Structure formats: structure tokens, C-alpha cells
Amino acid sequence: MTDESNPPRTRRRQIVLRGVGALSLATLLALGADAALAAHRTISSSQAQSVATAIGLRHSDLPSLSQQSNPITAQERRLNAQLTTCVGGVPDSKALGEAQSPSFASSGNSSVTVNSDTEILPSASLVAKDLASITGSRGLPCLQAQLAGQLRSSISKGETLTIHGARFPSVVAGSDGTFAIRFSVVVHATSGTSTASVPLYADSIGFAYGQAEVSFSVVETGAKPSAALERRLAALLVARARAAIG
């Protein structure tokens, strides 16, 4: 079986919220956008990259895990563009800056992989629009279909998988909007007359903060990700966003 402990990363548009109507949520977020702009300092194009970098996860946040290179690839940009079209989100080309953290991973029977992504958009209203596109009715189906396709293309002969996505209460507090989604994946490997099943859980959690859209993923094999770990990482990222943006 191929290594499914580190599936394609969940980036800014690979995030899903509770199933309220896209129009109603978009309206609420748009109404709050002007207030968010007033509360947070404006990030210019020349500042955006340094601000995005300052917010993301660092090895010191997860010192017990090994750090792995995690550059944004051309394939990821292509898949992101496809997902943006599917959900009706804000194109990557609108971003003033983006920073993706390294991946931080453990090994063993219950391996865990963590990474984060921060994108700075020209305005809080664009962040609200992008968030609303994912929280709408097309968000979860589009994301699940893309993730299932990527995983199925990477498994070995004789393996099959099932995947189910569901929203869960976010662990983020103190932001301008938040989201949380868990994908439960089971890979079934058949050898002769026996079949082994390996569970995999991929959580995507994130938030809006002024012009910043921040997300992080926690992927674990064999067990659901730790809620305590996710709360700690969320608090770290919100605190850095507050320090960088005000």
C-alpha cells in the first residue's frame, strides 16, 4: 500500500463548514467584512508575504515531530484551480501573498502529519467571499470528490478505499470566521482470502482574520486526531494572526 498518512494537503479552499445556505452565510460574512477591515490593519502587497510567513506553523510548535519539505507544487496549484471553479471561490491569482509551512510528521502505527497554509487577500470582503464559497452547498461535495480521486489514483492494485466527509465543531476562537471538516478514509488491502483495513482521518481546520485566510491540517492513521492538539495549534495561529494584523 502506498503511504496514505500524508495525502494531498488541505489548503485555503480545501476547507468546509456546517451546511448552512451559501447565500445566508455569504450575506452575514459580507456584513462583517467592513467591521473586520476597521478592526485590523491593512496589509499591503509589499507586506503580504512576510505576514503570511509569520503566521504559519513552525518546527518549534511541534518539536517531537520531524520536519519535511513541503513546497507548493504546480500540481497543487492546478488542483486548487479546479476546486476553486467547482465551488465558485476566489482564484489564487488574487492573493497578495501565500506561505505554506513544512510538513511535521511522526512515524509508527498511529502516524500523524501536520501542516498549515496562510494566504493574504486584498480585502477582508474577499476572504469572506472565499470562505462562503466553501461553506456553501457545493463545498463538501467538491472537496470530497477531488480528495477521493487523488487517493484512488495513488493506491496499489488490490486496494480499495471508502471516504466520508463531515463537518465538526471548530476548535478556533477569536477569529472573524472559522471552519472544520473531517474526512474518514478506510483503505482495504486484499491478499489472497484475507483483507486488512487501515483507517485514516484527515482534519482541516481554519479561520479568517482580516485579510488572512489560515488553515491547517492534521492527518492521522489508526486514530482520530487529538482535539487537544488541534485546539493548541488553532490558538497559536490565531495569536500570530493577531500579532501580525492587529
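Each peptide among 135-142, 188-195 gets the average number of other Cβ atoms lying within 10 Å of its residues, and from highest to lowest they stand as 135-142, 188-195.
Farthest towards the positive end of the charge dipole of segment 22-245, among the residues Ala52, Pro122, Ile72, is the Cα of Ile72, using unit charges on the Cβ of Lys, Arg, Asp and Glu. Fully extending the segment from Ser156 to Ser64 would add 30.1 nm, taking 0.36 nm per residue of separation and subtracting the current Cα-Cα distance.
Placing unit charges on C-beta atoms (Lys and Arg positive, Asp and Glu negative, everything else neutral), compute the dipole magnitude of segment 22-245 about its Cα centre in debye, rounded to 20.
Values: 16 positive and 14 negative charges, 32 e Å.
In debye, rounded to 20, segment 22-245 gives about 160.
Protection proxy ranking, highest mean first, for peptides 118-130, 158-170, 234-246: 118-130, 234-246, 158-170, where packing is the per-residue count of other beta-carbon atoms within 10 Å, averaged.
Protection proxy ranking of 72-83, 50-61, by the mean of other Cβ atoms within 10 Å over each peptide's residues and highest first, is 50-61, 72-83. Only lysines eight or more places from Lys129 in sequence, or on another chain, were considered; those with a Cα closer than 23 Å are Lys94.
About the centre of its Cα atoms, segment 34-94 shows a dipole size close to 100 debye [charges on the beta carbon of Lys, Arg (+1) and Asp, Glu (-1) only; nearest 20 debye].
Throughout, read-outs are computed from the coordinates displayed, never taken from laboratory work. In this text, all values refer to a predicted model and were calculated from it rather than measured experimentally. In this analysis, Cβ positions are derived from the backbone assuming ideal geometry, glycine residues included, and neighbour counts consider all displayed protein chains.
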